[in-house]
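The values are calculated or read from the model by the stated rules, or taken from the named source; none is laboratory data. None of these values were measured; they are calculated from a predicted model. Cβ: placed from backbone, ideal geometry, glycine included. Neighbour counts: every protein chain shown.
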């Protein structure tokens with residue numbers, strides 16, 4: 001490989017022959033032997049070395065070969081050289097960092113390597129890690145990377161207190177990576193809440209062969225009416241207020257009346273979902289307010305999110321209890337079957353309560369995984385999560401196939417992005433504008449990423465974007481699309497031997 | 001003694017010089033042609049390329065009466081072999097010049113192009129040392145050493161003759177198509193002359209046809225118009241004219257139109273056949289080769305596979321640099337340096 005020229009402020013064009021194998025995303029080390037300085041560049045695109053005459057030659061040869069059978073007498077073997085030239089490629093590489101003669105690493109590159117005295121070699125992942133000092137205690141093996149398929153690990157510390165986005169088109173492997181992250185975080189004792197829109201994260205409790213997984217006891221799957229039920233007393237006024245206001249759009253006047261009833265019941269020590277219903281029905285108030293209260297009460301009651309502590313002798317869900325165990329926990333909140341309004345209620349209720357508990361130090365910080373969160377979180381809530389809540393100890397990871405559903409304000413504060421394949425131009429436009437890496441890298445690499453390959457950008461890779469083949473998680477895959485037609489290869493063989 | 005002009009001291013010297021030069025230059029050749037050019041048809045020349053009017057010169061051009069014979073394709077199985085080559089001056093040392101040559105042979109049968117054979121590129125170094133041992137006449141040796149056009153022609157002629165010689169005795173009842181006229185050359189190897197090729201052809205019942213894409217003989221343009229009046233393939237005999245103008249031509253000289261339209265190009269063809277049956281030979285060409293734009297496709301293909309491409313020239317340079325322990329010197333275009341250039 002040889003340096004041909006510098007294309008822009010941060011781009012080198014390298015000439016490569018067919019034997020110089022490298023892929024998009026690979027890192028190269030350019031060692032200028034004269035100055036003893038090194039430059040780290042990343043290949044983000046490749047194309048043929050092309051000139052008008054070369055194209056004309058190829059076309060002419062193809063036409064000739066198509067019209068008659070070829071025989072050659074090439075004593076100087078010029079044909080071999082010619083074929084080498086036709087197969088020569090240009091690697092477009094982004095300058096990422098440099099190492100000076102005293103082995104000092106820097107992201108600021110203000111020099112150019114010699115075209116004559118530079119040697120170019122592919123870098124191993126371990127070399128890059130050593131250079132950028134990418135180490136940690138809580139390693140999360142998410143796949144393989146680099147030309148020699150080295151194991152790729154990120155570190156739990158780099159997700160801790162950070163905002164992450166996992167995005168890519170449908171079926172590109174987003175949920176798969178998220179499951180890997182959740183699984184490993186829980187193994188390290190982390191408390192993870194998952195807003196599961198497709199009821200698929202429950203598979204974490206099971207291996208692919210149907211046997212209970214190592215995490216089986218650490219995965220709690222809850223859904224409205226299926227364990228996800230709180231007592232009104234536990235939720236408290238703040239959480240209920242937030243739910244009524246934001247999820248159920250209750251007017252202020254009705255809200256005031258609601259809390260008068262709440263206080264009345266509380267003073268009588270009879271605060272309960274059943275008692276609340278009775279009280280609303282008999283409460284002396286304006287008819288319009290009563291109607292508003294009754295309709296909200298029915299929404300609350302039918303959501304299945306509240307349990308009657310008096311009649312069922314059941315305390316309801318308590319986060320403190322769940323997190324009190326020594327081991328980590330994945331609390332999967334299945335919302336796949338819930339109505340949109342119930343989803344919003346769950347999110348408002350859970351987040352407000354968790355923030356309150358974190359504020360009191362009653363629970364440890366949590367990792368929040370929100371799949372397609374734009375479908376159930378109001379717009380203003382996004383920024384609340386990433387600004388206010390992260391200070392309390394909620395570290396969010398948003399998983400979405402619509403990058404434009406997340407506002408630019410969030411992208412500006414994001415720490416890590418796991419980018420899977422996008423082919424849609426609008427999505428690529430959006431993601432390339434707001435991502436932490438340069439536009440060219442994102443556009444070129446992301447467009448051609450195969451399934452389950454992602455471009456990791458951000459603090460987890462010390463701002464050196466990496467292409468990773470995400471490893472297969474040995475957990476039960478749930479949430480697949482239910483199809484009408486059975487695939488041919490799944491049809492049992494009913495033919496009879498004759 | 002004539003009056004001397006001093007341009008420095010005499011301000012009227014320029015007028016005097018002008019008065020002397022104008023009649024002198026205008027009388028060196030007759031420049032009075034406006035009446036002769038009047039109402040003439042004209043095509044403008046494009047450098048060294050020879051252009052011909054698409055529909056020929058007008059019918060009132062003066063030309064002798066000629067006999068036109070139409071050619072009918074003969075479905076008689078015959079192998080058509082077309083040969084072409086090209087040579088380039090590739091590099092230069094203080095003692096000699098390195099030339100590269102490429103040749104191509106293509107075959108056709110029953111109207112289909114069958115195979116092609118690329119020979120080369122090959123390198124030839126012509127210097128006093130390399131020519132010392134050749135059988136070349138010393139005057140020709142001097143010529144090729146000092147004139148690269150002659151050297152390129154020598155290499156091309158020798159390589160082509162070597163191929164033609166072998167093909168003419170390895171095939172029978174075939175037709176050899178050659179690019180250019182059938183004319184003996186001083187550059188030929190005495191063992192592989194065109195005469196020997198034609199002898200082989202007659203021995204092995206082959207025919208050889210030399211087809212020229214263009215000719216410097218302007219008289220042929222005057223003879224060609226009747227051929228444009230016929231739609232299909234046809235020819236006319238021009239043997240007498242050619243033989244009277246050019247020595248060393250072998251075979252019968254014809255003006256041939258292979259194409260199927262009025263505007264198909266009219267080509268000069270020299271043909272040497274067994275028993276002089278040129279109608280049959282031309283018919284066999286039409287029956288076994290395919291004619292594209294009025295020219296045999298085998299010859300077209302042979303031309304394309306024998307021309308050098310930019311990539312090949314780059315590869316040859318790389319080959320020479322890597323294999324012959326040579327040192328490349330910086331070079332310049334002396335003409336460009338002296339004359340400079342005025343960007344437009």
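Looking only at the stretch A:286-313, residues that are part of a loop (DSSP other than H, G, I, E, B) and either surrounded by fewer than 17 Cβ atoms within 10 Å (Cβ to Cβ) or touching a strand residue (DSSP E or B) at 6+ places or on another chain (Cβ under 8 Å) (or both) come to 5 in all.
If you go through the stretch A:438-464 and keep only what is within 15 Å of the chain's Cα centre (by Cα) and at positive phi, you end up with A:452, A:458. Counting only strands (runs of 3 or more DSSP E) that sit completely within the stretch B:95-195, those holding 3 or more residues that are away from every other protein chain (no Cβ under 14 Å) correspond to B:175-179.
Among the residues of the stretch A:358-369, are any within 24 Å of the chain's Cα centre (by Cα), surrounded by fewer than 23 Cβ atoms within 10 Å (Cβ to Cβ) and part of a loop (DSSP other than H, G, I, E, B)? Within the stretch A:358-369, one or more residues are within 24 Å of the chain's Cα centre (by Cα), surrounded by fewer than 23 Cβ atoms within 10 Å (Cβ to Cβ) and part of a loop (DSSP other than H, G, I, E, B). Of all the residues in the stretch A:1-19, those that are without any contact (Cβ under 8 Å) to a residue 60 or more places away in the chain and assigned to a loop (DSSP other than H, G, I, E, B) number 2.
Going through (1) surrounded by fewer than 21 Cβ atoms within 10 Å (Cβ to Cβ); (2) within 30 Å of residue A:288 (Cα to Cα); (3) not assigned by TED's automatic domain parsing to the domain that holds residue A:275 one by one, residue A:237 falls short only on (3). Within the stretch A:383-414, the set of residues being assigned to a loop (DSSP other than H, G, I, E, B) and farther than 20 Å from residue A:364 by Cβ comprises A:401, A:402, A:406, A:407, A:414. Residues of the stretch B:136-166 being surrounded by fewer than 17 Cβ atoms within 10 Å (Cβ to Cβ) and over 27 Å from residue B:208 (Cα atoms), which ones? Residues satisfying the conditions are B:137, B:138, B:139, B:140, B:142, B:146, B:147, B:148.
Of the residues B:270, B:289, only one is buried (at least 22 other Cβ atoms within 10 Å of the Cβ) and within 13 Å of another protein chain (Cβ to nearest Cβ); which? Unique residue meeting the criteria: B:289.
Residue-level check: of (1) more than 21 Å from residue A:218 (Cα to Cα); (2) in contact with a helix residue (DSSP H, G or I) (Cβ under 9 Å, 6 or more places away or on another chain), residue A:337 misses just (2). When residue A:25 is tested against (1) more than 27 Å from residue B:316 (Cα to Cα); (2) outside any loop (DSSP other than H, G, I, E, B), exactly one condition is not met: (2). Within the stretch A:196-217, the residues that satisfy the criterion of being more than 22 Å from the chain's Cα centre (by Cα) and part of a helix (DSSP H, G or I) are A:216, A:217. Just to be sure I understand, how many residues within the stretch B:301-318 are within 9 Å of chain A (Cβ to nearest Cβ), in contact with a strand residue (DSSP E or B) (Cβ under 8 Å, 6 or more places away or on another chain) and either modelled with pLDDT under 90 or over 15 Å from residue A:59 (Cβ atoms) (or both)? So the answer is 2. Taking residues in the stretch A:57-83 that are more than 7 Å from chain B (Cβ to nearest Cβ) and in contact (Cβ under 8 Å) with a residue 12 or more places away in the chain, and partners anywhere that are surrounded by fewer than 18 Cβ atoms within 10 Å (Cβ to Cβ) and outside any loop (DSSP other than H, G, I, E, B), the pairs with Cβ atoms closer than 8 Å and at least 6 places apart or on different chains are A:58/A:86. All told, residue A:154 meets the bar of being outside any loop (DSSP other than H, G, I, E, B), farther than 19 Å from residue A:332 by Cβ and in contact with a helix residue (DSSP H, G or I) (Cβ under 6 Å, 6 or more places away or on another chain). For the stretch A:115-123, state whether one or more residues are in the same structural domain as residue A:423 (by TED's automatic domain parsing) and assigned to a loop (DSSP other than H, G, I, E, B). No, that holds for no residue.
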